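The structure under discussion appears below in the form of structure tokens.
The values are calculated or read from the model by the stated rules, or taken from the named source; none is laboratory data. Bear in mind that the values here come from a model prediction, so they are computed numbers and not experimental data. As a convention, Cβ positions derive from the backbone with ideal geometry for all residues, glycine included, and neighbour counts pool all protein chains shown. What goes into the accessible areas is simple: the full protein's heavy atoms, side chains included, and nothing from ligands, DNA or RNA. Shrake-Rupley method; radii C 1.70, N 1.55, O 1.52, S 1.80 Å.
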Amino acid sequence: MTDVLIVEDEQAILESLEFILTRCGWSVGVARDGEAALQAVLHFRPRLVLLDIMLPKRGGLDVLKILRSNAALASTAVLILTARGQQYDRQAAMDLKADGFITKPYANGDVVDAVRRILDSRPRPASVAHA
């Protein structure tokens, strides 16, 4: 099972987050656009999605809306990480039941603390056998 799926189109940010979260001991998957994010969530079933708002192919808020409307995926934790820190974006993310919101630029420790807080607040699911 993947602990964290990072959905980010900026290569440098993606690599940095992947390094930091892996170093903390979490298993990490990556996706670089909104369409790939939806496929990766279905495939990896991550405990948490670290989701940028501005993505190619399908925006992050659209991805979040789809996750929340799918009964099998609705309980997936989602932490928004974005350069778009306007109140409208924050409110839209919260209305869609995001579990947290971090604005870029961010401190690595803030991301790690938010991921830890969210994952620690949720029970680790039992392994699911695939047919």
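Relative contact order of the chain, please, whole-number percent, based on alpha carbon pairs below 8 angstrom and at least 6 residues apart.
Normalised by residue count, the contact order of the chain is 21 percent.
If Lys and Arg each add +1 and Asp and Glu each add -1, what is the summed charge of the other residues whose beta carbon sits under 15 Å from the beta carbon of Asp33?
Here the count lands on -3.
Using a Gaussian network model on the chain with a 10 Å cutoff between Cα atoms, which of Ala72, Ala31, Ala114 fluctuates the most?
Of Ala72, Ala31, Ala114, the most mobile in the Gaussian network model is Ala72.
Report, ordered by chain and residue number, the aspartates and glutamates lying within cross-link reach of Lys57, taken as a straight Cα distance under 17 Å and ignoring same-chain residues fewer than 8 apart.
Within reach: Glu8, Asp9, Glu10, Asp33, Glu35.
What ranking of Thr103, Thr2 comes out by heavy-atom accessible area, probe 1.4 Å, highest first?
Most to least solvent-accessible, the answer reads Thr103, Thr2.
Candidates (i) 14.5; (ii) 19.4; (iii) 17.2; which is the computed Kirkwood radius over Cα pairs in Å?
Structure-derived value, by its label: (i).
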